[in-house]
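Data first, discussion second: the structure below is written as structure tokens.
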Amino acid sequence: MITRIPDVNSVRASLQEFSRPLALVPTMGALHEGHLALIREARKQVGSKGTVVVSIFVNPIQFDRASDLSSYLQPLEEDLARCEAEGVEIAFIPDKSELYHDDRSILVTESLLTKHLCGATRPSHFDGVLTIVLKLFNIFQPEVAIFGNKDFQQLAIIRRMVRDLNVPVKITGHPTVRQNDGLALSSRNSRLSPEQRQDAPRIRRALKAARDLNGNGEQKPEVYLEAARKHLLSDAPEDFSIDYLQLVDAETLQPVPKVNRPAVLATACFYGDIRLIDHIKIRM
Ligand code: PAF
């Protein structure tokens with residue numbers, strides 16, 4: 001385990017000396033099977049001679065709600081045990097003060113792909129994500145970094161940052177890992193009550209039901225949105241609500257006037273104050 005940036009620098013220098021590739025898996029901890037899949041992908045990418053780094057840092061500047069930050073689980077012992085069991089060489093667990101100066105005044109901002117979806121309902125969230133991810137890239141200079149496709153908007157803006165700022169790292173996305181009933185794995189799932197957990201697969205079911213309209217060649221976005229909304233809300237528990245439900249172009253992430261090219265139907269829903277996201281591709 002490493003907590004200080006100077007210690008990273010000396011490890012990095014010796015890896016470079018022996019041309020050993022480094023794969024970075026940025027996380028906020030509370031590691032679950034979805035993260036373990038990212039770690040395994042990282043190992044696949046760099047092989048047994050490479051180094052896999054998992055960073056665990058609950059990045060305060062990407063939280064738009066104080067209650068979300070304070071309730072974010074931080075089971076450090078379990079996380080370290082999981083990293084060890086997966087053969088992770090370095091777990092980077094810095095303090096906030098190691099990463100952020102009190103008078104910091106630079107943020108990384110993306111201004112197009114963040115206009116809708118989570119970018120619209122969580123103002124400044126992606127500035128926080130891009131800023132910490134770029135910092136981690138600069139600290140570790142990884143050959144490859146792995147992110148989950150579940151956060152597809154996050155993945156898209158990270159790819160855009162790497163492209164637009166010429167960051168020398170390969171970005172790999174990994175398919176969403178789901179439970180048998182379709183619920184996408186998320187650290188937030190463990191905060192759901194048993195009743196909420198039982199109900200939560202409604203999100204996946206609603207997206208699939210809307211996506212199935214695609215078989216009939218449906219092109220009107222409002223038809224997909226209406227079908228998904230109906231399934232999301234039918235017999236929903238009282239504490240369930242939709243944060244957003246949008247159909248966007250798969251590349252530009254802008255709402256589509258007509259579904260005649262690959263699109264993504266995406267939603268964020270609340271059970272009380274627990275926010276879950278999911279999406280489904282609509283191929284044409
Ligand atoms: O996806 C996450 O867990 C976070 O947004 C990330 C990429 C680790 C940045 O804090």
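Scanning the stretch 12-46 for residues that are in contact with a Ser or Thr (Cβ under 7 Å, 6 or more places away or on another chain), closer than 21 Å to Ser186 by Cβ and away from the ligand (no atom under 14 Å from the Cβ) returns a single hit, Glu41.
Would you check if Leu117 is within 13 Å of the ligand (Cβ to nearest atom) and either over 21 Å from Ala184 (Cβ atoms) or at pLDDT 95 or above (or both)? No; evaluated as a whole, the condition is false for this residue. For the residues Arg191, Arg205, Arg211, the requirement of being over 30 Å from Val144 (Cα atoms) and within 16 Å of the ligand (Cβ to nearest atom) singles out Arg191. Residues in the stretch 219-231 that are in contact with a strand residue (DSSP E or B) (Cβ under 9 Å, 6 or more places away or on another chain), within 12 Å of Ile282 (Cβ to Cβ) and surrounded by fewer than 18 Cβ atoms within 10 Å (Cβ to Cβ): Leu225 alone.
Evaluate the stretch 90-106: report whether one residue or more is in contact (Cβ under 8 Å) with a residue 60 or more places away in the chain, surrounded by 12 or more Cβ atoms within 10 Å (Cβ to Cβ), closer than 23 Å to Arg191 by Cβ and under 19 Å from the mean Cα position of the chain (by Cα). Yes, there is a match, as at least one residue in the stretch 90-106 is in contact (Cβ under 8 Å) with a residue 60 or more places away in the chain, surrounded by 12 or more Cβ atoms within 10 Å (Cβ to Cβ), closer than 23 Å to Arg191 by Cβ and under 19 Å from the mean Cα position of the chain (by Cα). Criterion applied to Leu73, Leu112, Leu69, Leu99 was being aliphatic (A, V, I, L, M), more than 10 Å from the ligand (Cβ to nearest atom) and under 28 Å from Leu15 (Cα atoms), and the one residue passing it is Leu99.
In the stretch 47-64, the count of residues that are outside any strand (DSSP E or B), more than 16 Å from the ligand (Cβ to nearest atom) and either among the basic types (Lys, Arg) or free of Cβ contacts under 8 Å to residues at least 12 places away in the same chain (or both) is one or more. Comparison of Ser193, Ser234, Ser186 shows that the only residue that is among the hydroxyl-bearing types (Ser, Thr, Tyr) and buried (at least 18 other Cβ atoms within 10 Å of the Cβ) is Ser186. Do we have any residue at all in the stretch 30-41 that's surrounded by fewer than 19 Cβ atoms within 10 Å (Cβ to Cβ), within 18 Å of the chain's Cα centre (by Cα) and among the acidic types (Asp, Glu)? Yes: one or more hits. Could you check the stretch 83-181 for strands (runs of 3 or more DSSP E) lying wholly inside it with 1 or more residues that are among the basic types (Lys, Arg)? Result: 170-174.
Residue-level analysis places Glu86 among those that are surrounded by fewer than 19 Cβ atoms within 10 Å (Cβ to Cβ) and at pLDDT 95 or above.
Remark: pairs (first residue in the stretch 125-153, without any contact (Cβ under 8 Å) to a residue 40 or more places away in the chain; second residue surrounded by fewer than 20 Cβ atoms within 10 Å (Cβ to Cβ) and in a strand (DSSP E or B); Cβ separation under 8 Å; 6+ apart in sequence or on different chains) = Asn149/Gly173.
The values are calculated or read from the model by the stated rules, or taken from the named source; none is laboratory data. Predicted model, so just to flag it, every value in this text is computed and none were measured. Note that we place each Cβ from the backbone using ideal geometry, even for glycine, and neighbour counts take in every protein chain shown.
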